[in-house]
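The values are calculated or read from the model by the stated rules, or taken from the named source; none is laboratory data. Being a predicted model, the structure only gives us computed values, none of them experimental. Positions of Cβ are backbone-derived with ideal geometry, glycine not excepted, and every protein chain shown enters the neighbour counts. The area values use the complete protein model at the heavy-atom level, side chains included, leaving out ligands, DNA and RNA. Shrake-Rupley method; radii C 1.70, N 1.55, O 1.52, S 1.80 Å.
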Amino acid sequence: MKFSRFIFCAWFVLLSLKLSAQQAVVDGYLRTPDKETLEFVNLVIEDTNTGTTTGEDGYYRLQVPAGEEIHILVSHLGFKPKRIPLHLSPGETHRLDIILEPIMTFLPDIEVRDQQVLSSDIIRLDPRVTTSLPGPSASVERLIQTLPGVSSASELSSQYSVRGGNYDENLVYVNGIEIYRPFLIRAGQQEGLSFLNPEMVSSINFSSGGFNAQYGDKMSSVLDITYKEPKEFAGAFSISLLEGSLQLEGISANQRFSFLAGIRYKSNQYLLGTLDTQGDYRPSFADIQTLLRYRLNDNWTISFLGNYNDNSYRFRPEVRRTRFGTISEVREFTVFFDGREVNQFTTTTGAWSLDYRPNDDLSLQFITSMFQSDEREHFDILGQYWLHRVETDFGEDDFGQPTGEPLGIGTFLNHARNYLNAIVVRAETKGHWKTSRHELQWGIRFQHEDIYDRLNEWNLTDSAGFSLPQHPPDAILLQDTLNTTINSKTNRLSGFVQNTWELQRPHGRYAFTAGVRANYWDFTNQFILSPRSTVLYKPGWAERWTFRASAGYYHQPPFYRELRDMQGKLNDNIKAQESIHLVLGSAFHFTAWDRPFQYTSEVYYKFLNNLIPYQIDNVRIRYYADNISKGYAAGLDMRIHGEFVPGIDSWAGISLMQTREKIEGSFMMDQQGNKIPAGYIPRPTDQRFHFSMFFQDFLPRNPTYQVQLGFFYGTGVPFWPPTKDLNVTSGRMPSYQRVDIGFSKQLIGKQTTFQSTNPLRHFDSMWITAEVFNLLEINNTISYSWVRDVENQLFAIPNYLTSRLINIKLITRF
């Protein structure tokens, strides 16, 4: 294994050195007609993902294919785009200075510079990368997981943790509409498709903390997605061994009506076959989504965003064999199953938006939306298990085989008949007003929630003929029993106001953003205020630097899952969780090897009060439903982004973080079985170190051949035995390590010619990709199964994630 990893790394380094040694080069400066340089201008080779941006001095350098005709697309906000033809010889360096004409000549220069300053508190990502990033799912969330401060312990899930928060602490918006996800999902293999369709996305903005008051009431992060505005008829089609999708867009001849639609289907049956538990997996995930716009006149526009998502997961387990332990002490856990699991998660989202824009400085938006989730969770799983020691002595005949008497033997039966129906209705209005020096935003929202939850689940464990917990001869006692019905109807009212303005001083420029959020919930009659502020500074003495300081209150009123405790009861005396963010950050733009790079870093500290403790099992979060904890999170995030290979963006990120909490009444067990006060303990998301990287490369003589690499490493997070009391005696999972790689070949491009009768002439591009998931075949642990003996002692059996797998993917655009 070590030798194969060495060979792979050596091959990868040598290939990268070879690939960067050829091609032609074009460089020059981007200027306005007044000879002023332009920063952050995008230059892209048409029909490829290869491109670059200009530096602060307006300089760019781009490696391009030689020996063929290409076109360079040049674009910048507020300026007319250009399409420049080129035909260069191998090894040629061509000087090309470009003048961009402004769209509106009266636009003050200061407004363009404002955009450069005010963008430094948000990470902006290219949505085209989502189709290039290798992995089991081509999703926006997978791209977010490559950023510093963001971690995920499962390639099967789209959920992520940000700076010590859990999955329920992240905001997601699409065109200003907040998005929800299903409630009852227990494992990543049940998730299916997330709301976000990457083929419909035009921009991705992400903040991992210290975000402004315009974003809602969550404690960790915000993901702000904007969908495309079609300019012509176009589409995309993709298919792989795991999923397929079709996306269409277009606009009417009078430019008033436009449509954007996508349909997806996914079945990860092929991927789930690599898990330790073998059986009949029948997952089926599908969704259809549309965005319709109609411009009533020059000032009014109406739009509709709709999504129907149907995720079905059916599974009939047969046998599981899992080996774990150390080199000298290996154990094998074997289970034979009977029964099946049938889960259905159907969500529907519909939103109408009416936009009024009387002039370029004022815009008003009126939104009504509804989200409904209809969820069903049925399973009856009977399992008979054996725990054996595996022979590790090379000299024994039964080396590598289970040997001796079983260390544990027993039977378990898991049962559930759970139903949940949730309806969330919202009506809101937002406003945006710009003056010469200020940018004012405001909004107010009313939200009604109607949730019906029917819980009926229990477990029965029998070990060596004894049912646990032990019972009188004439009775059987069930474990983890939930049998309750909940019907909750509540209302929320929230709003915000914030202002952004800039000050110009001889030593630099300042941008200030200050705002406040307010929230009222009639379930607890709690009214909260959350003031937030951000200062951005771009010094005149160091124009390549931008500095940021943010501080604010981030309250998170409970939603349904935080209200329900482990016995299935609602706590009506619960309060909003509170997080105080202090963030200091910087961004440095520099040039290395005549190519642009950006280095960003942020140090943060979060005071956490009124916390609701929880346990995480796979992706299922179980709350204690009481504000009995306080804690903190502190860390450092660093990211370098740029053209490690000329013309293609790659990046790497490192995170150092610690998050701890003190739970009232919590205790640990010492070796003698005595209870001792716990004090401050690691939170379930306490991942001390995390490294992620996304790297792209191509063959210089033939850029139609490309390679993409995704690498993830994260130290282990704490885990606890399943318990309803406050016993927080814990261990740590092994580190999460994963490498995915993809090899792509462009079959059709702009330079490809076909006969007039060939149907392929309608395609603008076509790529085929071979992907290898989990290249190093590392067994990553997502959770543990717990086995009891007759003395009620627990044994932790690791549940491993997917193994190595090859996937083939075809992507076309027309």
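Of the cross-linked pairs 489/606; 218/538; 80/231; 82/745, which ones have a Cα-Cα span greater than 22 Å in the structure shown? Correct reply: 489/606; 218/538; 82/745. Across segment 706-711, rounded Karplus estimates of 3J(HN,Hα) from the backbone phi angles (6.51 cos²θ - 1.76 cosθ + 1.60, θ = phi - 60°) give 9, 9, 10, 10, x, 10 Hz, Gly and Pro being marked x.
Between residue 389 and residue 444, the distance separating the two model label sites (each 7 Å from Cα on the Cα→Cβ line) works out to 7.3 nm.
Measuring r between the beta carbons of residue 607 and residue 329 and using R0 = 60 Å, the FRET efficiency lands at 0.90. Rolling a 1.4 Å probe over the protein heavy atoms gives segment 486-567 an accessible area of 42 Å² per residue.
Using Cα atoms only, what is the angle between the long axis of helix 109-118 and the major principal axis of the chain, expressed in degrees (0 to 90) to the nearest 10? With rounding to tens, the tilt is 10 degrees.
The alpha-carbon of residue 675 sits under 20 angstrom from the alpha-carbons of these aspartates and glutamates, leaving out residues fewer than 8 places away in its chain: 661, 664, 725, 791.
Remark: segment 413-453 carries a charge dipole of roughly 280 debye about the Cα centre, counting +1 on each Lys and Arg Cβ and -1 on each Asp and Glu Cβ.
Rolling a 1.4 Å probe across the protein heavy atoms gives segment 201-251 an accessible surface of 32 Å² per residue.
Within the accessible surface of segment 297-427, defined with a 1.4 Å probe on protein heavy atoms only, the carbon and sulfur portion equals 53 percent. Measuring nothing but protein heavy atoms, the accessible surface of segment 748-791 at 1.4 Å probe radius is 50 percent carbon and sulfur. Under the combined filter of DSSP loop state and at most 10 neighbouring Cβ atoms within 10 Å, segment 316-415 retains these chymotrypsin sites (Phe, Trp or Tyr not before Pro): 394. Relative contact order for the chain: 11 percent, from Cα pairs under 8 Å spaced at least 6 residues apart, divided by residue count. Extension gain, residue 372 to residue 27: 0.36 nm times the residue separation minus the Cα-Cα distance gives 118.9 nm. Take each peptide in 23-36, 774-787, count the other Cβ atoms within 10 Å of every residue, and average; sorted highest first, the result is 774-787, 23-36. The loop-placed GluC sites (Glu not before Pro) in segment 349-423, going by DSSP, that have at most 14 neighbouring Cβ atoms within 10 Å of their Cβ come out as 396. When segment 335-457 is described by a simple charge dipole with +1 on each Lys and Arg Cβ and -1 on each Asp and Glu Cβ, the residue from 455, 352, 412 located farthest towards its positive end is 352. Note on the chain: dipole from Cβ charges, positive end direction compared against 583, 677, 279; the farthest Cα belongs to 583.
The charge dipole of segment 171-316, taken about its Cα centre with unit charges on the Cβ atoms of Lys, Arg (+1), Asp and Glu (-1) only, comes to about 200 debye.
Cα centroids of segment 694-742 and segment 568-632: how far apart, whole angstrom? So the two Cα centres are separated by 19 Å. When the Cα positions of 742, 527, 805 are compared along the charge dipole of the chain, 527 comes out farthest toward the positive end, with charges on each C-beta of Lys, Arg, Asp and Glu. Our note on the geometry: Cα centres of segment 322-385 and segment 478-549, 27 Å apart. When +1 charges are put on Lys and Arg Cβ atoms and -1 charges on Asp and Glu Cβ atoms, the dipole computed for the chain relative to its Cα centre reaches about 1180 debye. At a probe radius of 1.4 angstrom, the accessible area of segment 651-764 per residue rounds to 47 square angstrom. For the pair segment 186-237 / segment 153-169, the C-alpha centres are spaced 15 Å from each other. Axis angle, to the nearest 10 degrees, between helix 2-19 and the longest C-alpha principal axis of the chain: 10 degrees.
Note that segment 266-274 has calculated 3J(HN,Hα) couplings of 9, 9, 8, 4, 4, 6, 5, x, 8 Hz, one per residue in order, obtained from phi through the Karplus relation 6.51 cos²θ - 1.76 cosθ + 1.60 (θ = phi - 60°); glycine and proline are x.
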